[in-house]
1. In region 200-217, which residues are among the hydrophobic types (A, V, I, L, M, F, W, C), surrounded by 15 or more Cβ atoms within 10 Å (Cβ to Cβ) and within 16 Å of Leu248 (Cβ to Cβ)?
2. Pull up region 94-124, narrow it to residues that are crowded, with 18+ Cβ neighbours inside 10 Å and among the small types (Gly, Ala, Ser), then point me to the one that is modelled with the lowest pLDDT.
3. Would region 177-184 turn up any residue that is assigned by TED's automatic domain parsing to the domain that holds Met158, surrounded by fewer than 20 Cβ atoms within 10 Å (Cβ to Cβ) and assigned to a helix (DSSP H, G or I)?
4. Is there a residue in region 287-302 that is under 30 Å from Gln198 (Cα atoms), part of a helix (DSSP H, G or I) and touching a residue at least 40 places away in the same chain (Cβ under 8 Å)?
5. Out of the residues in region 349-399 that are among the aromatic types (Phe, Trp, Tyr) and under 23 Å from Ile9 (Cβ atoms), state the one that is surrounded by the most Cβ atoms within 10 Å (Cβ to Cβ).
6. Among the candidates Thr222, Thr235, Thr269, single out the residue that is of a type in the set (Ser, Thr, Tyr), out of contact with any Gly (no Cβ under 6 Å at 6 or more places or on another chain) and in contact (Cβ under 8 Å) with a residue 24 or more places away in the chain.
7. Given (1) surrounded by fewer than 15 Cβ atoms within 10 Å (Cβ to Cβ); (2) among the polar types (S, T, N, Q); (3) modelled with pLDDT of 95 or more, identify the lone condition not met by Thr270.
8. Of everything in region 298-319 that's under 17 Å from Leu366 (Cα atoms) and not aliphatic (A, V, I, L, M), which residue is surrounded by the most Cβ atoms within 10 Å (Cβ to Cβ)?
Amino acid sequence: MQTLKKHSIYALGYLLLIALLGMALRLFQLVELPFDYRFLVHTHSHVALLGWVYTALTTLIYKSYLSNASIHKKYQNLFWFTQATIVGMLLTFPFTGYALFSIIFSTLFLFASYFFMWLFLKYTSEKQKEAHSYKCIRISLCYMAISSIGPWALGIIMNTAGSGSDLYRNAIYFYLHFQYNGWFIIALLGLFLYILEQREINLPQKTFRPFFWMINLGVVLTFGISLLWMKPHFTIYIFSAIGSILQLLAMGVLMKSLYALSEKLKQATTKLFFFLMELVALLFLMKLIFQLIGTIPYFALVISSNIDLIIGYLHWTFLGVISTAILAFLSQFKLIHLTKRTVILYLIGFFLTEALLFYKGLTVWLKTSLATDYLWYLAAASSILLLGIINIFINQFRKTTGN
């Protein structure tokens with residue numbers, strides 16, 4: 001347990017680091033900084049996905065499914081190898097961008113992630129494999145492996161079609177889609193079901209089966225949304241819309257079942273965890289609605305040319321749905337200490353930055369004027385988010401903390 005707590009603190013360290021990098025990216029438009037903006041964006045995104053989320057999710061999965069499998073040494077060796085690749089990316093991307101050494105570290109990370117997937121598939125018990133939660137985690141790891149087709153393809157595309165080609169852009173979108181909507185989201189759903197199962201709160205098969213198939217078919221079909229910037233054949237819009245509707249239906253099926261079990265869940269978990277799960281459910285529902293709106297041809301065109309709406313949506317998913325859920329799960333598993341005060345500060349910063357990002361996106365779409373000091377407001381909101389994350393991180397080193 002102590003080892004996994006340390007791993008969780010390392011994950012929080014990456015969250016703090018990406019918050020600092022995010023703050024630096026905000027300040028680029030206000031002051032002159034001695035960095036290459038594009039290289040810093042690469043660093044920010046890689047540490048966010050591979051440092052914070054990957055480290056936290058694999059720690060939670062190991063704690064839930066593999067901690068009793070007598071593979072501690074293998075996992076420890078893999079963990080430190082993985083951290084070496086992440087630190088390698090952290091030390092190379094800011095100075096070189098996509099170049100020899102950053103690509104080497106990225107490639108080694110992919111091999112480490114494949115090995116973690118192998119450990120999970122090999123060492124989970126037959127009893128564990130019967131659980132609904134296991135099926136979600138297993139397919140989420142499959143999405144993780146599928147997403148890596150994008151990075152593998154980039155090398156070939158750069159040497160043939162070039163980095164300015166549609167193929168290059170689509171390979172990145174392929175990777176991001178199956179990371180965010182496949183690996184991250186489905187893994188979090190699996191971990192949530194695991195928490196329910198440990199408290200003998202089980203979804204009926206008649207609920208889980210349609211939920212599972214609709215949510216996963218939706219993951220595959222909604223990749224089409226990532227292609228809409230190209231104005232593809234109308235069938236891509238239809239498939240994307242079908243995928244979005246399927247995921248909304250899956251959410252409805254799950255929520256209907258959970259509503260009937262809400263009292264049992266409330267009694268089996270902390271008030272803070274229950275509140276965060278309600279919030280995550282609302283944020284995820286909004287994400288699915290945004291997703292469906294994005295399949296409408298007019299809005300697909302508006303969004304694809306509006307960087308602020310795109311960043312707002314990505315941050316809504318990453319900081320709102322994914323990161324909030326991870327913090328709640330780490331706290332529920334007693335791997336980190338989370339308080340109401342730090343959570344509220346984090347959420348205030350999150351909602352303020354989202355409001356400002358979507359505000360600018362709307363002004364661009366409607367061609368209206370932007371507030372004169374908008375960039376300072378955004379920097380101030382980002383600083384509140386950063387303070388929330390700093391407080392969450394510092395709390396892990398306090399012997400006694402209040403609520």
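The values are calculated or read from the model by the stated rules, or taken from the named source; none is laboratory data. All figures in this text were calculated on a predicted structure; none of them were measured in a lab. We place every Cβ from the backbone using ideal geometry, glycine too, and count neighbours over all the protein chains shown.
1. Answer for region 200-217, where residues must be among the hydrophobic types (A, V, I, L, M, F, W, C), surrounded by 15 or more Cβ atoms within 10 Å (Cβ to Cβ) and within 16 Å of Leu248 (Cβ to Cβ): Phe211, Phe212, Met214, Ile215, Leu217.
2. The selected residue is Ser102.
3. First, pick out the residues of region 177-184 that are assigned by TED's automatic domain parsing to the domain that holds Met158: 177-184.
Remaining after also requiring surrounded by fewer than 20 Cβ atoms within 10 Å (Cβ to Cβ): none.
No: zero hits.
4. The answer is yes, given that some residue of region 287-302 is under 30 Å from Gln198 (Cα atoms), part of a helix (DSSP H, G or I) and touching a residue at least 40 places away in the same chain (Cβ under 8 Å).
5. Going through region 349-399, the residues among the aromatic types (Phe, Trp, Tyr) turn out to be 350-351, 358-359, 365, 374, 376-377, 393, 397.
Keeping just the survivors that are under 23 Å from Ile9 (Cβ atoms) gives 350, 393, 397.
Numbers: Phe350: 21, Phe393: 18, Phe397: 9.
Restricting to residues being among the aromatic types (Phe, Trp, Tyr) and under 23 Å from Ile9 (Cβ atoms), the top hit is Phe350.
6. Numbers: Thr222 fails: out of contact with any Gly (no Cβ under 6 Å at 6 or more places or on another chain); Thr235 fails: in contact (Cβ under 8 Å) with a residue 24 or more places away in the chain.
Testing whether each residue is of a type in the set (Ser, Thr, Tyr), out of contact with any Gly (no Cβ under 6 Å at 6 or more places or on another chain) and in contact (Cβ under 8 Å) with a residue 24 or more places away in the chain leaves just Thr269.
7. If we test Thr270 against (1) surrounded by fewer than 15 Cβ atoms within 10 Å (Cβ to Cβ); (2) among the polar types (S, T, N, Q); (3) modelled with pLDDT of 95 or more, just (3) comes out false.
8. Within region 298-319, the first condition is being under 17 Å from Leu366 (Cα atoms), and the residues that meet it are 298-310, 312.
From what's left, not aliphatic (A, V, I, L, M): 298-299, 304-306, 308, 312.
Details: Tyr298: 8, Phe299: 17, Ser304: 18, Ser305: 12, Asn306: 17, Asp308: 18, Gly312: 23.
Among those that are under 17 Å from Leu366 (Cα atoms) and not aliphatic (A, V, I, L, M), it is Gly312.
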